[in-house]
1. How many of the residues making up the range 154-167 are surrounded by fewer than 17 Cβ atoms within 10 Å (Cβ to Cβ) and closer than 16 Å to Met135 by Cβ?
2. Inside the range 97-112, can you point out the residues that are touching a residue at least 24 places away in the same chain (Cβ under 8 Å) and either over 19 Å from the mean Cα position of the chain (by Cα) or surrounded by fewer than 18 Cβ atoms within 10 Å (Cβ to Cβ) (or both)?
3. Determine the pairs where a residue that is in contact (Cβ under 8 Å) with a residue 12 or more places away in the chain, located within the range 11-40, has a partner that is of a type in the set (Asp, Glu) with Cβ atoms under 7 Å apart, the partner being 6 or more residues away or on another chain.
4. Tell me the residue from Lys127, Lys149, Lys139, Lys170 that is assigned to a helix (DSSP H, G or I), touching a residue at least 60 places away in the same chain (Cβ under 8 Å) and either open to solvent by 50 Å² or more (accessible area, probe 1.4 Å) or in contact with a Leu (Cβ under 8 Å, 6 or more places away or on another chain) (or both), please.
5. Could you list, in sequence order, all residues of the range 178-189 that are part of a helix (DSSP H, G or I) and either on the phi > 0 side of the Ramachandran plot or surrounded by fewer than 18 Cβ atoms within 10 Å (Cβ to Cβ) (or both)?
6. Go through the range 39-69 residue by residue and tally those that are part of a helix (DSSP H, G or I) and farther than 22 Å from Glu4 by Cα.
7. Can you name the residue in the range 1-47 that is within 21 Å of Glu68 (Cβ to Cβ) and among the charged types (D, E, K, R) and is also least open to solvent (accessible area, probe 1.4 Å) among such residues?
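The values are calculated or read from the model by the stated rules, or taken from the named source; none is laboratory data. In this text the structure is predicted, and so the values were computed from the model without any measurement. Methodologically, a virtual Cβ is constructed for each residue, glycine included, from the backbone with ideal geometry; neighbour enumeration extends over all protein chains shown. Keep in mind that these areas ignore ligands, DNA and RNA; they rest on the heavy atoms of the full protein, side chains included. Shrake-Rupley method; radii C 1.70, N 1.55, O 1.52, S 1.80 Å.
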Amino acid sequence: MNVEEYLNQLNESQREAVVYNEGPSLVVAGAGSGKTRVLTYKIAYLLQLGLPPYSILALTFTNKAAGELKERLTAMLGDTGGDVWAATFHSTCARILRRDGDRIGYSSHFTVYDTDDSKRLVKDCQKALNIDDKMISHKSILSEISHAKDSMLSPADYQAAAGSDFRLAKIGAVYELYQKRLREADAMDFDDLLGNTVELFRQCPDVLEYYQNRFRYIMVDEYQDTNQVQYEFVRLL
């Protein structure tokens, strides 16, 4: 299909969102009103205008949403649709870190810890620090660590904010040891994938510049749900 044939399949509001490309835009729409359709057709529209597929980054929050987007693009555009970077925040950051993570001290073969791995490591850290799970549960510690990473707080930042609060100070001690042991194992948890990519971009301007030049258009599905570190990742790009 040519450009007009694509656009003729959209209603007026959808068409307006698809063709606008003079700067940042925010599409606000309710459930079932065609947000994914707009995202898909905007990518197709840009490709029809001659933009290389590798210069478009489409970020989602779930694997299901990323899979649906890629399926729609491939159905519309064939193999070209598969060349668009349409993926979750986490898988996008993992891909970047596999390429350049050595710049911040990780190998290209770093391990990504799943929830069970993280739980085991936190329990090991509690044991090493003599923190009884009945006093502070591993679940609450993991939740606090995850929240700290979402807010881009390092163990030192967290401990400083804890002040004289006994419980938070203990959690801060676990957080510090947890990160130390992750580093020693050449490993990251899911939250680290985002935080370490932001750290990479900040410490290595040449790496950031490479991706800034590569991605001409960045689209975020459900943008209103971004946390602080996800927002910072997008802002830097």
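1. Going through the range 154-167, the residues surrounded by fewer than 17 Cβ atoms within 10 Å (Cβ to Cβ) turn out to be 154, 156-157, 160-161, 163-167.
Narrowing the set further to residues that are closer than 16 Å to Met135 by Cβ leaves 165-167.
Selection size over the range 154-167: 3.
2. Looking only at the range 97-112, we keep the residues that are touching a residue at least 24 places away in the same chain (Cβ under 8 Å), and these are 97, 100-101, 103-107, 109-112.
Passing the criteria: Arg103, Ile104, Gly105, Ser107, His109, Thr111, Val112.
3. These pairs meet every condition: Thr36/Glu68; Leu39/Asp221.
4. Details: Lys127 fails: touching a residue at least 60 places away in the same chain (Cβ under 8 Å); Lys139 fails: touching a residue at least 60 places away in the same chain (Cβ under 8 Å); Lys170 fails: touching a residue at least 60 places away in the same chain (Cβ under 8 Å).
Exactly one of Lys127, Lys149, Lys139, Lys170 is assigned to a helix (DSSP H, G or I), touching a residue at least 60 places away in the same chain (Cβ under 8 Å) and either open to solvent by 50 Å² or more (accessible area, probe 1.4 Å) or in contact with a Leu (Cβ under 8 Å, 6 or more places away or on another chain) (or both), namely Lys149.
5. Filtering the range 178-189 down to residues part of a helix (DSSP H, G or I) leaves 178-184.
Once the filter is applied, which keeps residues that are part of a helix (DSSP H, G or I) and either on the phi > 0 side of the Ramachandran plot or surrounded by fewer than 18 Cβ atoms within 10 Å (Cβ to Cβ) (or both), the range 178-189 yields Lys180, Arg181, Arg183, Glu184.
6. Looking only at that region, the number is 8.
7. Filtering first and then ranking leaves Lys42.
Conditions tested, residue by residue: (1) aromatic (Phe, Trp, Tyr); (2) within 26 Å of Phe61 (Cβ to Cβ).
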| residue | (1), (2) |
| --- | --- |
| Asp165 | no, no |
| Arg181 | no, no |
| Ala187 | no, yes |
| Leu194 | no, yes |
| Phe201 | yes, yes |
| Leu208 | no, yes |
| Phe215 | yes, yes |
